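All remarks here apply to the structure that follows.
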Amino acid sequence: MYEDGLEAVLDVQETTVIQGASEDSLADPNRPPLAAVILLPITCMAKSGDFESATIECAGLPQINMVLTHALRESFDGLELNEETLLEAGRLGDDALNPDHVLRRLRELTRGCQGFEVTAKCVLGNFSFQKLAMVRDLKEEAERLTLHDMIAALAGDVEARDSLGGRHVSVEPSALDAVLAENEFMVLDADSSQQVVVHSVASDLDGVIHGPPGCGKSQTIANVIATLVAQGKRVLFVAEKRAALEAVYKRLENTGLAHIALDLHGAAVSQKAVMLKVASTLQKIRHTVDPDDHELHVRFEDRRRRVVDHAQTMHQALQPSGLSPYQIQVGLMETALTATSKTRWRGADLNKLTQEAALEVQDLLKEARGLASLVARIDPSPWTHSNLTDGNQVELALDAAQRLSAQHLPDFLAVLDQLTFETGFRPSTTLGEAERAMTLVAETNEFLTLWAPEIFDVQNAVSALSPASKGRFSIVWATVTNRRFRQSKRQMATLSRAGERTALALLHAALQAAALADRWRELGGSSCRPRGSQIVEDAARARKNVASDLSILTARVSGVAALSLEDLVTTSSALAADDLNAHRIPTVRSLESQIEALGAASILIEIRSYKLAWDIWINLFRHAYFASCYDSARVSLPSLAAFKGESHAQFTQEFQILDKERLRVAAARVSREHAERAIEVMNSHADQTLLVRAQAAKRSRHLPLRKLVLQAADVLTAVCPCWMSSPLNVSQLLPADRRYFDFVVFDEASQVLPEDAACSVLRGRRLVVAGDQHQLPPTTFFADGSDDEEEDSPIAGFESLLEQLSSFVDRWSLEWHYRSRDERLIAFSNKHVYANSLTTFPGVGGFDAVFHVYVEAMPRDGEEESNSAEVQRVIDLVLAHAEREISKDELQWGSLGVIAMGIKHANRVQAALDRALEGRRDLDRYFDTNRTEAFFVKNIERVQGDERNHIILTLGYTRGRSGKFNHGLLGPVNGAGGYRRLNVAVTRARESMTLVSAITFRDVRVIDPAPTPGHKDFGVHLFRLYLEFAESGGIV
């Protein structure tokens, strides 16, 4: 169990027997308790190609069994036993031990302990004893634990939580670009969410880094460590699994900063190795140079400013649209594909078109879809150009049209025809002509009531009676001297039916008769003579009715009054018949008036002018709006108008080059800051410096690290400011008399119980934990000494360190996912677990990433959790993969891992693979366990922190003899936190995920309503969804 920081496989050099212990303390009262004295961690590795033999190698330093010393102290009052004293008695060097000397010293110290004896024996096996060092720490440092604010807060102290929770510094991503280059010490690429974490921690904050799978958690921690070291801070980096520490250490190593980190993880830590590292770092400090970074930073900040200024210009919201120039440009390009508008709004007209107004205009244009031809004025309906604003107007106009068409216009035309026949007038073609004819006939009838029709036959009466117009004297004189005057006067007088005799009245009658005659000839020709008509009253009534209807229509339908009689007949009939469109007109006019009120009337004008189809209206408006907004933006932002793409591309390229160079130089800057700090501390603590230098110069017989820390902690932590360890080794190797570190950083904190973390937290001032509450919770791993192979289970009722700390300190989330080379590999978890909060990148396309291999398996007793058919199919897939990869260059090999739902199934797969590889020496190199990212077979509990190019997830489950699937087999995913195991398993792959199963999603029960994370059935629900997801090839 080397990867967990606990060495379980141990070679027992000697054993002891405690005789006379009480029966209550014994598992078996008939057997005396046995305990190891000296424990030596070892590794067992199968020989390549030979699975019946293995090599055994030492994996660490000899240790005294602390369980034994603890039991002896508890059993025999006053007995003083110290593990270090026993080891010193037999130490031959840093790594060698004479067990006889140890036993001799043990016998001396236990002389007089009745029933205790030592027996020489060597045993190979698993021993659960490691956490005793932590237990001892908790017991011995109880007072210090209670005085530590963070530990008190983790224990539930409200005052401590309020105090720590009140420390808050908000780091906005937008503010990161204003940070001076000389104040940044990140040595690896970091996205904005990662930079927020680094700057927040650098502000001396406790916090939680929420790192979903593949979001750069290790990279962020490496940057945090580098930054803190540059600030002169000391960091204790803790993780239970070595893989988590190695991921960070390798990143520091690749940037040239391995010398700042001291690896204390696992049992292989020796004083000699520690001092070799210290000596190497001292040498590095001596030769560290000051990087010439001033010019680089000046140029970097200038290019960054240019790039950022342009980005800010392009992404600042502008009024009235509320859109950025970038959004406006995108809108222009999108809309120009289907429509380009010549309409532009300027100044106050554009200001009226706010973003809300523009959206409302688009909604109104959408609403106009079924009325498009009426809005565009291209509909053949006679109501198209009408102005009907409401239902009452519609009813009034329709009634008028129906009366006109069905009754009043036919009556009018009939009277007009008869009148035309009687008078001899030319037929009227327009309503105006008809009204003139009817008016003339009416006036003639009225004239003939006063004068006889013969008046129209009198010749030259006007000229003969003209003296009457010149006054009384002229009348008298004409009467005396002008015979024609007297004759015409007598003739006219005989025609008057009213007895008119005055010359002036007779002259007026002659003039009126002549005028009427001229008008009749105008309407009927030269031979047409005025005459009376008996249908004048009928004509007047018909004319009045038509005029009444037309007054209603002309007020609402433009152009009706100018129609010919023939067209009026047609139009009135059409108006009366088209009641559907008549009722639509109020809606049309309402839409138009709303658009006009919003300030977009000109777009309607353009639509009507070019008779544009509805399907481009919205994009036409959007194009006009975007173009107007962009014109306005170029006025208000001169830099936008002056922008040159080529120049900006050059600045951007230079920024990228300078940024990469800055990262490279940052490592040298961190080294320089570290060296200066170390030298300062060494100068201030000369005695410690002498001791450390002396220990570093020795080849053997080094002081135990714990003692050295007690005597030279300041210099040691200045020379190596980042210590990496497991929680266990922290208690074993480091004293707890003071806070040696400024920051304690925990990785994979979702798997750590607060009580397991307390000893590490005690040794630091600030606490930062990283993990994911949606991945594996704490388990019962090594919680007891049982030897069975039951699955690790969550520790019910206890929150992890991550969950505890999240409740009262800042929480920073990493948001960009980088692991998956095809986003389908993370899409499932992103949707169902992380609520689509992760930013992912699509694959290059053309390749499948998610596969499902269905296996037909016959139900067999004992194979419900691991069926043979599926085991064999997995072996076939593994061998096929290895055969493909072995034919390539080794640098191009795609790594592979197999994840099994249960440990029983994992063991069967491993055993079957071992048998299949017998004699396959051609595949030795691929299955070499020492290779980077070596092939593995693990159950679902053991894969957190692992990743491979290709993953095979094998379920092992099969249907029962009844044909139904037993849901009780889903132990790993059952319960409130079960989904977290599945989430870990399905997010390990970089290139492909293959699910192998003998069941389908239809075999798993549907849970309705769908549960959410935290519900006891969410794991089963997610299990079914993932089966369906895999069977679909990765469709969420």
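Only the coordinates and a few stated rules stand behind these numbers; no lab work does. No experiment lies behind these values; they were computed from the predicted model shown. Ideal geometry is used to build each Cβ from the backbone, glycine not excepted, and the neighbour counts take in all protein chains shown.
Here are the numbers:
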| item | result |
| --- | --- |
| Two-decimal ratio, region 221-295, of alpha-carbon radius of gyration to 2.2 N^0.38 Å | 1.20 |
| Shape category assigned to region 278-363 from the gyration tensor of Cα positions, a/c cut at 1.5 | prolate |
| Inter-part distance where region 296-337 and region 796-836 are each reduced to a Cα centre, Å | 31 |
| Kirkwood Rh in Å, taken over all unlike Cα pairs in region 800-935 | 18.5 |
| Potential lengthening between Gln283 and Ala178 on full extension [0.36 nm per residue; Cα-Cα distance subtracted] | 34.2 nm |
| Residue-span extension gain [Glu74 to Gln407] - 0.36 nm each, minus C-alpha spacing | 107.7 nm |
| For region 259-413, the spread of Cα positions along each principal axis, largest first, Å | 124, 44, 26 |
| Residues whose placed amide H lies under 5 Å from that of Val937, excluding near-sequence neighbours | Val898 |
| Cα centroid separation, region 220-274 to region 129-179 (Å) | 21 |
| Amide H contacts of Gly207 (H built 1.01 Å from N, under 5 Å, at least 5 apart or other chain) | Leu767, Val768, Val769 |
| C-alpha center-to-center spacing [region 349-371, region 975-1011] in angstrom | 47 |
| Paramagnetic label zone (point 7 Å from Cα along Cα-to-C-beta, Tyr610; backbone N under 12 Å) in region 344-384 | 344 |
| Residue-wise HN-Hα coupling along region 97-114, computed from phi with Karplus coefficients 6.51, -1.76, 1.60 (Hz; x: Gly, Pro) | 9, 9, x, 4, 5, 5, 5, 4, 5, 5, 5, 5, 6, 9, 4, x, 7, 5 |
| Estimated distance in nm for a label pair at Ala911 and Thr119, the labels positioned 7 Å out from Cα along Cα-to-Cβ | 3.2 |
| Potential extension, Asp518-Arg483 segment - 0.36 nm per residue separation minus Cα distance | 9.9 nm |
| Cβ-Cβ FRET estimate between Arg884 and Phe841, R0 fixed at 30 Å, reported to 0.05 | 0.70 |
| Longest to shortest principal axis, alpha-carbon extents of region 409-555, angstrom | 61, 31, 22 |
| Under Karplus coefficients 6.51, -1.76 and 1.60, residue-wise ³J(HN,Hα) of region 384-395 in Hz, glycine/proline x | 3, 9, 6, 10, 9, 9, 7, x, 4, 4, 5, 4 |
| Built amide H within the under 5 Å cut-off of Leu262, gap 5+ | Cys722, Trp723, Met724 |
| Pairwise label distance in nanometres, Glu676 with Ala547, each label 7 Å out on the Cα-Cβ vector | 10.4 |
| Rg/Rh (Cα only; Kirkwood hydrodynamic radius) as it applies to the chain | 1.33 |
| Karplus 3J(HN,Hα) series, Hz, for region 411-421 with 6.51 cos²θ - 1.76 cosθ + 1.60 (x for Gly, Pro) | 4, 4, 5, 5, 4, 5, 4, 5, 5, 5, 5 |
